[in-house]
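So the structure is just underneath, and the comments pick up after that.
Rule-based calculations on the coordinates, nothing more; no lab input. This one's a predicted model, so the numbers in the text were calculated from it and none came from an experiment. Ideal geometry is used to build each Cβ from the backbone, glycine not excepted, and the neighbour counts take in all protein chains shown.
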Amino acid sequence: MFPDENLSARQLIDAFRVRKLSPVEVIQAAARRIDQINPSINALTTLCLDRALVEARASERRYLENKALPLDGVPFVAKDLLDTAGIRTTYGAVHFADHIPTKDAVAVERLRTTGAILLGKAATHEFGWGITTTGRLHGPTRNPWNLDRVPGGSSGGSAAALAAGLVPIAIGSDTAGSIRIPSAFCGTAGLKPTRARIPVEGATALAPSLDHIGPMARVPSDLPLVLAAMDGRLAGQASSDFSQHNPTDLRGLRIGVVRDMDTVELASDHAAVFDRVLSRLRSLGAEIIEIAWPLPQLSDPYAILAPMILAEAHHYHQLILRTFPERKSEYSNAVLDRLKLAGATTSSAYFKAVERRADFRSGMERILSQVDAIVSPVSAGSPASIGTDYVDHRGSKVEFRKLVMSYTAPQSLSGLPSCAVRAGFDIDGLPIGIQFTGRAWDDDRILWLSDVFGTSDPEISQRWPKA
């Protein structure tokens, strides 16, 4: 059996167990595909393929000896904000172009402990501070569905690598949508878990009170495996323990829709897809419940989120600038502009936002006391062209960040689990994603819901960009 880039992590493990595939074959095939495709999409910035092949041989021996670990032999990439021992980690910045950590980030260490094999580092927006995945050090990452479009960010390298079939699973981080946005734009799947479910130690911070580490995958059915590995539940378990039977319908599930937050109006093709999402959920047995946002004075989540990110990121970067003032010129103009804006954010504005965040979370919890999950768009529009800060949207010029982040801010502010999955395609054939949000620590139900929905229409779920 020749390795197929469409095989999920679960399928790879099943093939390893019955000797239809070996981890060595899979790593060698992944290396060839990376060599073929990565130059055109710039998803991976540092590779460790020689080490990966050594680990694949060890994995192969464990399968032969019936001592396989839970994710033995499955290749993955880690966002370049997470430290990797002995492997260059740049945080997407010129400042750290030659930085080689001595220790893995906790999430990376836990995934490797279960036998998963790191192939390299996935591109991130400079310091994780942006939604297009670009910077002075590595240049832009390109969306595999259209090389002139952004993949989203800041975990855009991870999502692009998944969409292009370079790996089946990846690690990302999400402060204001950085897992969910690229997952939606690249047609893959990604979970922002309940805050603090996965340790952030070893990942460089953007806004510490908002940062999350989470799993990303080519298909939603693999997300539970990666989550369980990174939150420690797979440690020491046999590989057969994580396979589970899930229902294929949503009967009895109550899913809420909130339409009166201050978000950017959906583009017409995105609105049509969202309407079809609701119809598909009903056909799967779910009850759709329209719910009014209970706190109209806090209807603009982006306005609460923005000053928090600015203030917290400013604090981190001032430490760099005070220690190494001569390195200011190494920042891109885009990050320097954000630092200037951040410097104008007062402490009173920050603490006011912190107070409003607590109230906003209570509003989300009130909604989720009435339903099992919330379904919402990830973005009002499609991926922008590379190098574009403002886009034409419904007859007006709209800041691309606001177009997207007004939909991802609620989950970031509340710290609630939210999973992005593919829902359809826009008029240009680019993926459109939606997100399911659940109660705190109800990540597993959100993953089940995302998998049932995400696989319910094969004409949508089985389409991939051409290599």
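Numerical summary
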| item | result |
| --- | --- |
| Shape call, region 9-242: gyration tensor on alpha carbons, a/c limit 1.5 | prolate |
| Under Karplus coefficients 6.51, -1.76 and 1.60, residue-wise ³J(HN,Hα) of region 418-435 in Hz, glycine/proline x | 8, 10, 9, 9, 5, 10, x, 9, 7, 5, 9, x, 8, x, 10, x, 10, 10 |
| Rounded to 5, the percent of DSSP beta bridges in region 9-242 classed as antiparallel | 65 |
| Cα centroid separation, region 426-449 to region 92-137 (Å) | 24 |
| Cα-based convex hull, region 165-232, per residue volume (Å³, whole number) | 86 |
| Point-to-point label distance, Lys466-Ser268, nm (Cα→Cβ direction, 7 Å offset) | 2.8 |
| Other-chain or far-sequence residues with amide H under 5 Å of Ser332's (modelled H) | Arg136 |
| Built amide H within the under 5 Å cut-off of Leu21, gap 5+ | Phe16 |
| Relative contact order %, the chain, counting alpha carbon pairs below 8 Å whose residues are six or more apart | 16 |
| Distribution of pairwise C-alpha distances over the chain, 10 Å bins, in % | 4, 22, 33, 26, 11, 2, 0 |
| Arg57, Arg51, Arg112 arranged by Cβ crowding within 10 Å, fewest neighbours leading | Arg57, Arg51, Arg112 |
| Helix-only CD estimate at 222 nm, as mean residue ellipticity for the chain, using -39500 (n - 2.57) per DSSP H run (n ≥ 4) | -12000 deg cm²/dmol |
| Rounded if a/c under 1.5, otherwise prolate or oblate - region 329-421, Cα gyration tensor axes | oblate |
| Residues whose placed amide H lies under 5 Å from that of Gly285, excluding near-sequence neighbours | Leu250 |
| For Trp129, Trp464, Trp448, order by how many other beta-carbon atoms lie within 10 Å, fewest first | Trp464, Trp448, Trp129 |
| In sequence order, calculated HN-Hα J values of region 97-114 (Karplus, 6.51, -1.76, 1.60; Hz; x Gly/Pro) | 4, 10, 7, 10, x, 9, 9, 6, 4, 4, 4, 5, 4, 5, 5, 5, 4, 8 |
| DSSP beta bridges in the chain [antiparallel fraction, %, rounded to 5] | 70 |
| In order through region 137-151: 3J(HN,Hα) via Karplus (6.51 cos²θ - 1.76 cosθ + 1.60), integer Hz, x for Gly, Pro | 6, 10, x, x, 8, 10, 6, x, 7, 7, 5, 8, 10, 6, x |
| Region 124-219: relative contact order as a whole-number percent, Cα under 8 Å and 6+ apart | 26 |
| Cα gyration tensor shape for region 309-467, rounded if a/c is under 1.5, else prolate or oblate | oblate |
| Lysine pair number, Cα distance threshold 20 Å (strictly under), the chain, separation 8 or more or different chains | 9 |
| Chymotrypsin sites (Phe, Trp or Tyr not before Pro) restricted to DSSP loop in region 336-429 with at most 16 other C-beta within 10 Å | none |
| Segment Arg322-Gln36, extension gain: residue separation times 0.36 nm, minus the distance between their alpha carbons | 98.7 nm |
| Region 9-242: relative contact order in percent, alpha carbon pairs under 8 Å with at least 6 residues between | 20 |
| Fraction of antiparallel bridges per DSSP, region 73-175 only, in percent to nearest 5 | 20 |
| Modelled FRET efficiency - R0 56 Å, Asp337 with Arg19, Cβ distances, 0.05 increments | 0.50 |
| FRET efficiency for Leu53 and Glu355, using Cβ-Cβ distance with R0 set to 51 Å, rounded to 0.05 | 0.45 |
